[in-house]
1. As an exercise: evaluate GLU45 against (1) within 28 Å of ALA101 (Cβ to Cβ); (2) assigned to a helix (DSSP H, G or I) and give the number of the one condition it does not meet.
2. Which of the residues that make up segment 112-123 are surrounded by 15 or more Cβ atoms within 10 Å (Cβ to Cβ) and more than 13 Å from LEU92 (Cα to Cα)?
3. Restricting attention to segment 98-135, report how many residues are in a helix (DSSP H, G or I) and without any contact (Cβ under 8 Å) to a residue 12 or more places away in the chain.
4. Report, by residue number, each residue of segment 79-94 that is assigned to a loop (DSSP other than H, G, I, E, B) and at pLDDT 95 or above.
5. Pick out the one residue from TYR47, TYR122 that is touching a Ser or Thr at 6+ places or on another chain (Cβ under 7 Å) and not hydrophobic (A, V, I, L, M, F, W, C).
6. Out of ILE9, ILE74, report the one residue that is at pLDDT 90 or above, under 11 Å from the mean Cα position of the chain (by Cα), of a type in the set (Val, Ile, Thr) and crowded, with 18+ Cβ neighbours inside 10 Å.
7. Mind listing just one residue for me: the one in segment 38-71 that is small (Gly, Ala, Ser) and modelled with pLDDT of 95 or more and, of those, farthest from ASN114 (Cα to Cα)?
8. Touching a residue at least 24 places away in the same chain (Cβ under 8 Å) and assigned to a helix (DSSP H, G or I): does that describe LEU23?
Amino acid sequence: MTRIDFYQINPAGLDTGRVVCSLCQKAWDAGQKVLLLTADEQQSEEYDQLLWTWRDDSFLPHDREEPEGMLTPILVTHEADPRGERQCLINLSREIPVWFAQFDRVLEIVDEGNKALARKHYAFYKERGYELNHIRL
């Protein structure tokens, strides 16, 4: 069964973008392919740029599109595309994709700007019997 993790960011603490990049780094270091599903084109562009520059001492291989037959380690997109063998979905979208269960892990980020939406996502997973993990940062 898919593992669902909610990462709650302390409003006085970490930056949401840096947390997402750190989670991408950890997944990639663990050999997992990631789908970073954003809310819209603007957010996709922001994360594309952030993944290039978030740390001076590391590189996160990512792209916004994939050529046919290739699997980018970290795919950043706002257009739902479940193709490929990816283990980790980082969901920044306003919706829960219908195909979320094909991933080993789903990561939901909770910050001051999306608490109400995160509660809806939490209830959705809970109603379907998923074990939910809550990580406070």
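The values are calculated or read from the model by the stated rules, or taken from the named source; none is laboratory data. From a predicted model like this one, the values you see are computed outputs, not experimental measurements. Counting neighbours? That spans all protein chains shown, and the Cβs are built from the backbone with ideal geometry, glycine included.
1. (1)
2. Within segment 112-123, TYR122 is the sole residue that qualifies.
3. Of the residues in segment 98-135, 7 are in a helix (DSSP H, G or I) and without any contact (Cβ under 8 Å) to a residue 12 or more places away in the chain.
4. The answer is GLN87, LEU92, SER93, ARG94.
5. Values: TYR122 fails: touching a Ser or Thr at 6+ places or on another chain (Cβ under 7 Å).
After applying the criteria, what remains is TYR47.
6. Numbers: ILE9 fails: under 11 Å from the mean Cα position of the chain (by Cα).
Residue meeting the stated conditions: ILE74.
7. SER44
8. yes
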